[in-house]
Each structure stands twice: as C-alpha cells, then as structure tokens.
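What follows is a set of notes on a single structure, which appears directly below.
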C-alpha cells in the first residue's frame, strides 16, 4: 500500500560549515540533557538542496550521529533510494570511536544494495543502498555523506531533524537554493519548542535548529508523525518523471493529478461496461447500484502490490485491471471508479495517509503525499460514501480505522479538494453482549452468549470470520486469557455485511473458574468483558492525552448459581462518571438462584491536556477494579 | 480382435473418470474436487522433473521442470494466486535461470471452463540481493474457486537438487517427482518428516551427444567436433496422493523439521577424466569435507595473528580453567558478532580479528585456535540452529553454525563467543537444538547433546506486609542462573534503565516499584540478582468482614502456557528450569486466619517435572514455599495432555486463597 518514495523524501543532506575536527566528535562533548531518553544523538545534520530548475535537484546530506546503545543502531539512517529518475552520485561513511578517533571508512560500493520493497510488495523498481555496520563497541559515531541527483521535483526534501523516538539533535540545518523563476511555498509544523531560526536571502531559505531533546513514546498520545517538528517545502512549478507541472493549491494539484495521472487510464472494454450496466439495471438508487459494483469488484479482483510507473503514482489502466483481475490500491480504486462512472455514478479518487494514526493532509499546504488511495462517492444531502477497494472482505462503505476520520485529497475533473473521511462515533462503535452463565457446585462455569459488534468494534473482529477453527479457538482463549481451562463448545460467527454487524454465538465451559475456600465459592462476576487494561504509568507525563476512537460496550447476563449454594454477599452497584467516559455496573438478584449482571462502559474520544492523563488512568483503574468485583456463594 | 476392442473400451472408460494431468487440460470435474472447508487452497497436482544435462559451453547443469495446479478455495487462499520462486546466484557470474514460463487461471463460469493466460507483464523478476533473484508469477482473474496452473523450467549451474517436498501448509491431491542423476554425481538421499511413500530407484543407461567447436591448430578457424558420452543414471521417482496439510504450532522450534520431504545432497562428484571430489556421503565425509575446507580447517590452523596478544594475556596464568575463561572473555570483548550465521568463515579469522567484527564461524574458530594455542583440548562443534532444523542426516547443509567445545575428564564444556552473556555451557538460545558434532583434528568426532542438562533456576524471595485495608508493601529478590540469567541480561544490560523500569512496572498489575536494583549483571560468573520494593492497592478482595488474598500476589504467572486441546509435536522449552518461590506474609492487626490453602505436591511421569506447594502459619503470618520444575528441555507430544494438566493443577493451586477474618 505504499506509494513509493514518500518515505524516502527525507533525503538526508549535506553541508557546508561542519566543524571537522575529529576530537569534537568525542562522546564527552555531548551535552548531558541531550542524552536523556536518547538512544542516539545527532551531532550535526546538514542538508543542502539545490533546485536549479524544475527538472534538476541536487541534494547533499551530511549527518553525524553518535549511537549510544544497541537500540540506537536504527538511527544510523545512512541510506539513499534510487531509481530510473534519481541517481546516487556520492555516498560514504566514516566510523569514529567514542574518543572521536576514526576507525573505519565505508565507500559507496561497500554499502548494501537491495530492492526497496517490504515483504508484501511483489515488485518495485525502486532500490536502496544502505550502510550495514556492526558496531564493535558503544558509543560510536557515524559520519555519513551523500549526494543525489533527481529529475523529479514533485516533492522536495523536508527539514525534519528528528525522525524517530529516543533521538536528540545537537545541531541541524537545512538550506534550499532555488532558481529565481521558481515559487517556493513553505510550511512549518510543530516547531514552537525547538528554537527554529529562519534566514532568508535571495534565492535561498535557511533553517537552523539546535539542541532538540529526545521524545519518548507515551501511550494514548497523538502519533509520532503528528507531533514531530518539520518544515515542508514545495515548488509551484515542478517536474514529475518527465512531465512539467504547475500547482500552488490543492485545487490545482488535483487538476494536475487528474490530467496527468488519471484521465487516460479510465478505459474499460465495451463488454465489461455492458456487463455492469446489466448488473445494476434493476436498481433505482445510486447506493444500491454502487453496492453491486463494489461486490463485483470484490469478487473479481485481488490486491497485489506492484510499484511501477510514474513515481509509483500512476494507476494501471482500468482495462488492464479488468483483464488481469488484480491491481494495487491505485489500480483497483481507479478500476472501481471507472465502473461506477460507466453506470452514471460520480466517484472520485482520494489520496490518503493510511494507518491507525489518522495522519492528515494539511488543508493549507498543497504537496504530493499519501501512501494509499480510496474512493469517494459524494452524495447529495447525505454523508459521503468511502470505499476501500483493495479488500475482498470489507462491507460496502466501511473503511474502518485504516482510513477513518482524517483529511484526504479528493481528485475530480474539476480539481482537488480536501475532505474528511468518515468518523466512527461512540454510538457507532458498539459491542453488545447478551447471555447467561451457570455455575455448578464444583466451581465450574458454563457460558452461553451472543456478542454483537459494530463500527470500529466490527473492524477489530471481522477477520475472525476467515480464521480456521484452531486459530479461532486460540483467539477466544486469548480474548479471555484471565480464564484458565476454557473448553469451547460453540463458536458460530455471522458476518452481516449488509448491516455491518458482526455476531458471535459462543458457548464454553471452564473448570475451576470459581475459587473454592472451604464452604464458600468466590465468583468473579464479569466473565466476558473484564477490563484488565490499565494505561501505562509515567512518573512524568510529557505528551497530551489523545483518545483517537471512542466506544460503547453493553453487557447483560443472567447468572444461575447451584441449588445447594446461596448468595452470601453481592458487590455493590457502581457508577463512574468522568470526562473520559462513564461506567455503570449493577448486579440484582431476581430469585434465589438467579442474578442479573449489567454493565455499560463508554469511552469518549478527544484531546486532553497532559495533566489529565493521571485521571484518565485512574478511570481505567476503577473500571478494572469494578470488573474484578467478586460475589460470594456459601453452601446452604 | 474382440478382446482388443474390449480393452480399448475399458481404457477409454477409465480415462473418462480419471484426471487428465497434461498441461492445459483442466476439466469441469477438476473444480468439483472436494476439499476440507478449512483449507484455503489445495495443490491438485504437482509434477517435477530434475535432470542433469551437458553441453560444451556450460558443462554440466541441472534442469528442473515444474508443473503445478492449485485450487483456491477461500479469500485467504488468494495469496496462492501469486507464485514466487527464489533463484540462486553466486559471487561469480553464475546464476539460476527460469525459462519457458507459462501459466493460466481457470474459472468455472456458467458450467464452462474459462481460461485466462498468464502474460509476460505479470511475471516479475527482481534482484533481491547478491545471492538471490526472485521471480513472481501473478495470475490473472484469481477468485475463490479458481484453479491456477503453471509450468516452468529452472536451469541451474549449481549441482544442487532441491528437496522434493511432499507436505505443505495446504493439502496435496497428487504429486509426482522424478530426479535423474548421472553416475558422475553421487547424492545422499534422506527423508525428512514422515510420509509412508517410498522413493523408487532404477538404473538406466543414457547417452548424450556433444557438439563442440575447436580451433584448428595454428589458425583462427574452428571445426566442429562431435562426440558422445555414455553413462549410467540413477533414476529416483515418487508419487503420492492425498497428503494432508501440516501447520505450525507454538513451542515447535521449526515446522519444516516435521513436514515430509525427500532431501538430496551432493556427496561426490567424479568427472569423467578429473579428480574425484568428495562432499558428503556419511558423517565421516561430511566432517572431512568441512574440516578440509579452506574456510574451516585451514582457518583453525592459523595462529600467527593472535600469538603475541594471547602470550601476553595468559603469561601469568597457569590454571587451565582460568586460561580458558580469560581467552573466552577476551574474544567476547574483542570481536563483535555481525549477526551472520555460518560454519564457514567469510572474510577470514585474521580479518575478523583485525576489524573486530566477524561471523559465527570466524569468532568461534578463532576462539578454538586460541584455546588450543594455550594448551587446551579445544575443538569446533558443528551445530544446526533452531531455525535451520534438526540435523538428522549427514549433509553439509545440515550444519549452519559452529561453537567451541573443550574436552576434559569431566566431559565437554561448550563455549560460544558470539553472545556477550553466554557463559561456559550456557549457549545462546538459537544454538539449543538437539545434538552438535564435535570434530577433532585427528578426524574423529562425537555427538554432543546441546540441550542443557543443568536446569536454569529462578528463585524469588519476598517479604510482604498486608495491612487492614488490603494493601500490600514489601520487598523481593529474584535470583536467576544459567539460561534464565543469560536471557535476563540480554534484555536488561543494553536497555535504557529508566525505560526498562517503566516498562517492567507497567507489565505488573497495578504495582509501584521503588529501589530497583540489579546486581552481577556484568559479572557472568555469578547469578544475576534483581531486588526492589513494592507497593500495591489492588491485591486483595475485602468482602463483608473477610479478606481474600492469593499468597503469591503479583509475583507469579497466572496463565497456562499450553492452551490448545491437542498437540502433534514435541514441546520444546530450550532448557530445563526450576522456579522457586519463598514468600513470607505478615498479616494485619485486627484480622485472624480463617483458612489457608492446603499444601500439595505432584509430579510428572518419568521425572519430567514436579510441583510442590507448602504453606505454613507462623507467629505473625504465613509462609509459602513453591517449586515448579521442568527437568527436560524437550518433551514429546505423547506427554502433552499430562503436561497441560500439570500446569492447570499448578496454576489453580497458586490461585487458591487465604481467607482472613476480622476479629
């Protein structure tokens, strides 16, 4: 799902005024505060981008980084991508020991050269050269120098001094030299706390920033891509793999994408057009028609990752996907779009940053980006429909956490437009458990329940449908890992793709579920939805609290106790009400051997200051505590 | 005449009901072959033929033809719609080629079989790295219910015959394989995993015509010379049908150890007019080949590069054990492992020593020759790592790793200098795999059991004070030995200490830690010791006038590690272990003990393991002693139910509660 090269944009660059006295590289020279939470310290990082014309960009990188420990090895970051449109002119590295003494030189040919694909990608014409160095002791320092020449200027390297957690920066700079006829746009993000200095002069932008502290990951915080400081650059005039282009806002960029990348790949064979027309002829409204077409695509195609063509941005022709029955995200989306248009339904290509992180396209700064595409169906007076075209399993109109609630670029013949994808609200992310359980006199339990999930809860579970029995069994044992000795009797799954609900009919028994002490038995009342999760504790929380998606869980279970026992004590009802969510639990006796257990747990999504984190954690602790409440039975 | 007609009739009749396996002959019936609904896909048919050939340009080469049909049953099975094949290449310019690729997808549409051909654009060749190319065939129009079929030929300059795999992660309906080997090549042949089929062997003679151009003496002209080669050929064949799928399970170290396949490995090459080359026919050959290799035996004999350093290092040491330890530590700190396995050196020991970086072989052969130089009886021990599988048969590829063994009257001590936290006889986890082979200079060898005999011990002692609100406070000390200590150090030593502590604390259930301290983390001669104080509010239930607590609190694992109902493979723990708990609990004022769990003890059969739980009251509280021991590193599947029950009993015992009553 990766449109290639996007990642490679932070071409690391080079520089001018780096002090090259080796002893200044000694580890003792690193200020103490930069070592805190750091696995590596960037001593200096200088990038110079020479944009002499729209079709020639030379990038020089010089990066000196001290690796403090084994985890820091990933921060060597000495690699360059290349392909038909970009060349690596110069590449070298020097390794220094802790005293700043040179111990090894690595030349271009000693860099490893491999295909730049992840395990899932079948083919890519992009390659990468990287430094594969085995440290002989820690700490050590790597001085990396590279020069690349690019014929494509659709994206310019960004200034991003830190690109990972646990990494601090002593000195960094970024210089962009550009030809006078180019119009450069700049956007700074999250740069408030890094003492960013900007110096402009004729034909040049210069950024500097020193002493940037390392960031440590914290749970329930905004994702890394959304918090790191960076400066983005774009040239209104650019060259894209042999094609001259101009765009200064989203509308124009979208127009260019439509004209150059999409317009000529929408052809379909006559036979297929007739086939889909016939398919939808009895359907009256657009939704019903689109549903049939989506199903048609799901049955006919499969997803294959193949990164070729213009910078990985241009889709396969729709006719090609039609013939082959497979494509990557661009090909499949373009194909679905062509089919929908063939039956008169408007649908538009949408570029997106996929993944749970909800990374946005910035409405104010137009620049090529994204690593995935989906389809947008605008509907009059209604919510937009979003289609994920790479899945053979997702229901129509369901995008789940992969592309939900974020700004994307929708491309139509009229141009580009930033739109927000569907947000799954608390009331849509529902899990309802109904059922009963019986206890016998030996402390064994037999459970029978129905679990219905919708929204993001559906998203989390629909894959269960295609698990083998053995793996499904394993899944349930893991879901209820606080119950030992589960033996499953029934695992029926009903995936209603029309209503987008996922229903699990489960029954199991578990021996020794209750602990027996003399004539008493202790019952942990919450069998099926016990919250055992408590957010991590931080002695000193640094990042604001971010709850990306909310949910609502409702349980109602009937509990039958054995005839020869009676209830000795019942945990008292509980209500917790906070700004992060609410929790209600009640347990009522309906007759001598029957009780009704009810529970409702709601989590709100939202952003909160870091000071709230402790309270948020307390909320979870209290939920956890209440979910651990025990009922005591005593022998009659 | 009548008879012939009858026969003819019969055979026609028969074929009408049988499969046609010729390429492209997919019939409607092929789609109805029933499959278990759980199988994502099924290999309907596979035919593979491997043959040696000769021409004057290439000399001998190996050609393998593959013809395969796969039926896709489910959406998950769509992955089988892409077929990838890795091709080997060598440092020189030699590489395997895939030729004559053809393929198609077949779908049953309205009762008719529709064919969509695989075109050139759907075939991707990729240069993966210096040693591998990858060819991927992505079939068009693949859906649930499709059948894909392909055929191709691989021409290999390497005298290398791939395993005939009989069993896969999906079932096989029918598979036929033939391997024809000219007499000049002697291959050892073994079966891995289990399948009742037999590899048949016949011997036939064969003749190859060779056309060669030779330059005419003294001129630029050439003339065509024809000759021929006649020889005997060993022809192996096997045919199987209805082979069930075999999938992985947890605590299995490598599922490919268990999947059925026939393995071939080159043992001997006798060219028509050249020197006989021996590779591996039996263990002696394997060991001789390895020992005589310039990247093994000869490397072992080099000493010049370290002599001065070692002389200085051990000048004042006379005790052999001390010498060994000193040299071992010296190699560990001097030469870092580059994460490459290998029984053979890559850049050589001398270079590794100078650059302070080496692969497994460089580091451990260097260690071995240094120890020999210092007068110890040290020899290399060849190992197959857990990821490489079990070396059941004498093959060169069977071993992919080497450690060092010192023989003395007390047995063999194993050393591996690639892991900083390994010690004498405590090998890294990757090397704990069945048996290794110690190879002496005189050509003799012996098998060495790599699974540790000595259990790794974890001893947890804690003093816990329970107050009247059910909160606890206390201190604990954990001591770990052997492999437990090694694994602990691997995790702890390099970690950022603040982050380590934070993660550790968060892994516990609502417990706050203070005074966290680790001792001996770098002193490998001693067990590693971790101490801390703790405080927690959620470790008890107070209901009415009673308090319920589990006496091991948060200190013990609460989940049964074995979850599945049944098991086909041995459970492989890597090393035997003993967990010991010594807990003293002080009870709150105002409460008295109403009941405590009963003490208990039980064992696994054949001394595989034991559990003991002893609880006693004393003047101001309760003392609990608990021991859980697993005495074998690997436990065969027949004990699975017993072992699972053992853990179940142990865990329910640990979960039993002390009941306190308000006075």
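The values are calculated or read from the model by the stated rules, or taken from the named source; none is laboratory data. Just so it is clear, the model here is predicted, and its values are computed rather than measured. No Cβ is skipped: glycine too gets one built from the backbone with ideal geometry, and neighbour counts run over all protein chains shown.
Summary table
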quantity: Matching option when the condition is part of a loop (DSSP other than H, G, I, E, B) and either modelled with pLDDT under 95 or crowded, with 17+ Cβ neighbours inside 10 Å (or both), among B:310, B:317, B:298, B:327; calculated: B:317
quantity: Residue tally, condition buried (at least 17 other Cβ atoms within 10 Å of the Cβ) and either without any contact (Cβ under 8 Å) to a residue 60 or more places away in the chain or under 30 Å from residue A:115 (Cα atoms) (or both), over region A:276-291; calculated: 1
quantity: Failed condition for residue B:36, given (1) surrounded by 13 or more Cβ atoms within 10 Å (Cβ to Cβ); (2) at pLDDT 65 or above; calculated: (1)
quantity: Region B:482-501, subset touching a strand residue (DSSP E or B) at 6+ places or on another chain (Cβ under 6 Å) and more than 11 Å from residue B:521 (Cα to Cα), residue farthest from the other protein chains (Cβ to nearest Cβ); calculated: B:482
quantity: Yes/no for residue A:150 being farther than 24 Å from residue A:313 by Cβ and either at pLDDT below 90 or not assigned by TED's automatic domain parsing to the domain that holds residue A:542 (or both); calculated: no
quantity: Single match in B:461, B:469, B:536, B:475 (criterion: farther than 30 Å from residue B:389 by Cα, away from chain A (no Cβ under 11 Å), in contact (Cβ under 8 Å) with a residue 24 or more places away in the chain and loosely packed, with under 15 Cβ neighbours inside 10 Å); calculated: B:469
quantity: Criterion (without any contact (Cβ under 8 Å) to a residue 40 or more places away in the chain and either surrounded by fewer than 23 Cβ atoms within 10 Å (Cβ to Cβ) or not assigned by TED's automatic domain parsing to the domain that holds residue B:406 (or both)) met by exactly one of B:351, B:386; calculated: B:351
quantity: Inter-residue pairs, beta-carbon under 6 Å, first assigned by TED's automatic domain parsing to the domain that holds residue A:294 and in region A:251-275, second surrounded by fewer than 19 Cβ atoms within 10 Å (Cβ to Cβ) and assigned to a helix (DSSP H, G or I), 6+ apart; calculated: A:267/A:319; A:268/A:319; A:269/A:319
quantity: Residue in region B:547-560 that is nearest to residue B:644 (Cα to Cα), counting only those that are at the interface with chain A (Cβ under 8 Å from one of its Cβ atoms) and buried (at least 18 other Cβ atoms within 10 Å of the Cβ); calculated: B:560
quantity: Qualifying residue in region A:504-516 (condition: in the same structural domain as residue A:567 (by TED's automatic domain parsing), over 26 Å from residue A:444 (Cβ atoms) and either assigned to a strand (DSSP E or B) or out of contact with any helix residue (DSSP H, G or I) (no Cβ under 8 Å at 6 or more places or on another chain) (or both)); calculated: no
quantity: Residues that are within 14 Å of chain B (Cβ to nearest Cβ) and in contact with a strand residue (DSSP E or B) (Cβ under 8 Å, 6 or more places away or on another chain), drawn from region A:443-481; calculated: A:443, A:444, A:445, A:462, A:464, A:465, A:469, A:472, A:473, A:476, A:477, A:480
quantity: Flag for residue B:589 being assigned to a loop (DSSP other than H, G, I, E, B), on the phi < 0 side of the Ramachandran plot and surrounded by fewer than 18 Cβ atoms within 10 Å (Cβ to Cβ); calculated: yes
quantity: Given (1) surrounded by fewer than 18 Cβ atoms within 10 Å (Cβ to Cβ); (2) within 14 Å of chain A (Cβ to nearest Cβ); (3) under 30 Å from residue B:59 (Cα atoms), index of the condition residue B:176 fails; calculated: (2)
quantity: Conditions (1) surrounded by 18 or more Cβ atoms within 10 Å (Cβ to Cβ); (2) more than 12 Å from every other protein chain (Cβ to nearest Cβ); (3) under 17 Å from residue A:437 (Cβ atoms): number failed by residue A:522; calculated: (2)
quantity: Residue B:126 at the interface with chain A (Cβ under 10 Å from one of its Cβ atoms) and closer than 30 Å to residue A:113 by Cα; calculated: yes
quantity: Options A:50, A:77, A:90; residue that is surrounded by fewer than 19 Cβ atoms within 10 Å (Cβ to Cβ) and within 18 Å of residue A:107 (Cα to Cα); calculated: A:90
quantity: Residue B:575 within 36 Å of the chain's Cα centre (by Cα), modelled with pLDDT of 90 or more, part of a loop (DSSP other than H, G, I, E, B) and under 30 Å from residue B:259 (Cβ atoms); calculated: yes
quantity: Residue within region A:128-138 that is under 30 Å from residue B:135 (Cβ atoms), within 14 Å of chain B (Cβ to nearest Cβ) and part of a loop (DSSP other than H, G, I, E, B) present; calculated: yes
quantity: Hits in region B:505-521 - residues which are crowded, with 16+ Cβ neighbours inside 10 Å and within 11 Å of chain A (Cβ to nearest Cβ); calculated: B:505, B:506, B:510, B:511, B:513
quantity: Strands (runs of 3 or more DSSP E) enclosed by region A:526-613 - at least 1 residues per element that are under 21 Å from residue A:456 (Cβ atoms) and within 14 Å of chain B (Cβ to nearest Cβ); calculated: none
quantity: Residue A:64 over 31 Å from the mean Cα position of the chain (by Cα) and either part of a strand (DSSP E or B) or under 25 Å from residue B:351 (Cα atoms) (or both); calculated: no
quantity: The listed residue being in contact with a helix residue (DSSP H, G or I) (Cβ under 9 Å, 6 or more places away or on another chain) and either at pLDDT below 95 or in the same structural domain as residue A:34 (by TED's automatic domain parsing) (or both), out of A:205, A:213, A:224; calculated: A:213
quantity: Residue A:194, sole failed condition from (1) assigned to a strand (DSSP E or B); (2) closer than 22 Å to residue A:48 by Cα; (3) at pLDDT below 90; calculated: (1)
quantity: Extreme residue, farthest from the chain's Cα centre (by Cα), among residues of region A:366-405 that are in a strand (DSSP E or B) and more than 12 Å from residue A:422 (Cβ to Cβ); calculated: A:375
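Yes or no, residue by residue, for (1) out of contact with any strand residue (DSSP E or B) (no Cβ under 7 Å at 6 or more places or on another chain); (2) crowded, with 17+ Cβ neighbours inside 10 Å:
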| site | (1), (2) |
| --- | --- |
| A:376 | no, yes |
| A:380 | yes, no |
| A:401 | yes, yes |
| A:408 | no, yes |
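One line per residue, one yes/no per condition, for (1) over 22 Å from residue B:543 (Cβ atoms); (2) without any contact (Cβ under 8 Å) to a residue 24 or more places away in the chain; (3) in contact with a helix residue (DSSP H, G or I) (Cβ under 6 Å, 6 or more places away or on another chain):
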{"position": "A:530", "(1), (2), (3)": "no, no, yes"}
{"position": "A:555", "(1), (2), (3)": "no, no, no"}
{"position": "A:564", "(1), (2), (3)": "no, no, no"}
{"position": "A:570", "(1), (2), (3)": "no, no, no"}
{"position": "A:574", "(1), (2), (3)": "no, no, yes"}
{"position": "A:580", "(1), (2), (3)": "yes, no, yes"}
{"position": "A:589", "(1), (2), (3)": "no, yes, no"}
{"position": "A:608", "(1), (2), (3)": "yes, no, no"}
